[in-house]
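Single-structure report; data block below.
The values are calculated or read from the model by the stated rules, or taken from the named source; none is laboratory data. This is a predicted model, so every value here is computed, not measured. Here Cβ is always computed from backbone atoms with ideal geometry, including for glycine, and neighbour counts include all displayed protein chains. Remember, those area values only see protein heavy atoms, side chains included, never the ligands or the DNA or RNA. Shrake-Rupley method; radii C 1.70, N 1.55, O 1.52, S 1.80 Å.
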Amino acid sequence: MLEIKPYVPEFKEDIQKVCLNTAYETAYEPVERNYLLNTYCDYYIDNEPQTCFAAVDKNGTAQGYVICAPDFRKFIKRVKPYIKQAKKSGFDHYYEGIAERFALRVFSHSYPAHFHIDINDGFQGEGTGTRLMNTLIETLKNKNVKGVMLITGSGNKGAIRFYKRLNFKTIVGIGPAAIMGMKLR
């Protein structure tokens with residue numbers, strides 16, 4: 001069973017690998033790697049470590065994570081250098097990142113926190129995702145954050161079931177994406 005631990009810089013490389021391992025086939029190619037890490041990983045662990053958690057195996061290797069920005073307004077101001085880096089991956093990727101941030105902005109008043117969660121194959125189905133999410137939710141409640149949201153694929157039925165079990169509600173579906181949220185206070 002993986003142990004849930006607060007993020008520390010020693011986990012950075014492991015977390016980056018999990019981000020790439022759980023993406024798509026070409027994730028390790030330089031352009032894709034640049035896009036994925038700058039859009040979905042590095043900002044959070046570099047700037048919001050107090051709301052990032054790792055699922056760590058007995059060897060001390062992070063095999064999963066939940067990483068979160070608890071305040072969207074702060075996030076949008078501080079993420080700009082990462083956006084500039086991601087933009088080097090091409091217009092399609094840049095546009096996708098802009099569209100996601102725009103969708104999050106629309107609901108950020110009620111749900112100011114947003115997160116990303118990933119777990120390596122072979123470590124899923126053991127309750128790790130639930131334990132990561134419970135740790136994050138408790139941390140956000142202790143910080144008096146009023147709500148948390150995420151974007152997932154509208155066709156990703158397993159993920160939607162997982163979030164609904166945690167009491168997330170679908171806020172809106174936008175084409176291939178579903179925005180889900182949970183009120184925390």
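Just to be sure, is A69 modelled with pLDDT of 95 or more and surrounded by fewer than 18 Cβ atoms within 10 Å (Cβ to Cβ)?
Numbers: modelled with pLDDT of 95 or more: yes; surrounded by fewer than 18 Cβ atoms within 10 Å (Cβ to Cβ): no.
Here the answer is no, as A69 does not meet what is asked.
Would you pick out the residues in region 13-59 that are open to solvent by 60 Å² or more (accessible area, probe 1.4 Å) and among the charged types (D, E, K, R)? Spell out the reasoning first.
To start, the set of residues in region 13-59 that are open to solvent by 60 Å² or more (accessible area, probe 1.4 Å) comprises 13, 17, 21, 24-25, 28-31, 33, 46, 50, 58-59.
The answer is E13, K17, E25, E29, R33, D46, K58.
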Name the single residue, out of those in region 65-97 being among the β-branched types (V, I, T) and touching a residue at least 40 places away in the same chain (Cβ under 8 Å), that is farthest from S110 (Cα to Cα). I83
Would region 84-93 turn up any residue that is at pLDDT 90 or above, more than 25 Å from R131 (Cβ to Cβ), out of contact with any strand residue (DSSP E or B) (no Cβ under 9 Å at 6 or more places or on another chain) and surrounded by 19 or more Cβ atoms within 10 Å (Cβ to Cβ)? no
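Only one of K164, K146, K183, K141 is without any contact (Cβ under 8 Å) to a residue 24 or more places away in the chain, open to solvent by 40 Å² or more (accessible area, probe 1.4 Å) and over 14 Å from F75 (Cβ atoms); which?
Details: K146 fails: without any contact (Cβ under 8 Å) to a residue 24 or more places away in the chain; K183 fails: without any contact (Cβ under 8 Å) to a residue 24 or more places away in the chain; K141 fails: without any contact (Cβ under 8 Å) to a residue 24 or more places away in the chain.
Step by step, each of K164, K146, K183, K141 is checked, and only K164 is without any contact (Cβ under 8 Å) to a residue 24 or more places away in the chain, open to solvent by 40 Å² or more (accessible area, probe 1.4 Å) and over 14 Å from F75 (Cβ atoms).
Within region 164-182, does at least one residue satisfy the condition of being among the hydroxyl-bearing types (S, T, Y), at pLDDT 95 or above and within 15 Å of the chain's Cα centre (by Cα)?
Residues of region 164-182 among the hydroxyl-bearing types (S, T, Y): 170.
Add one more test, that the residue is at pLDDT 95 or above, and what stays is 170.
Add one more test, that the residue is within 15 Å of the chain's Cα centre (by Cα), and what stays is none.
No: region 164-182 contains no residue that is among the hydroxyl-bearing types (S, T, Y), at pLDDT 95 or above and within 15 Å of the chain's Cα centre (by Cα).
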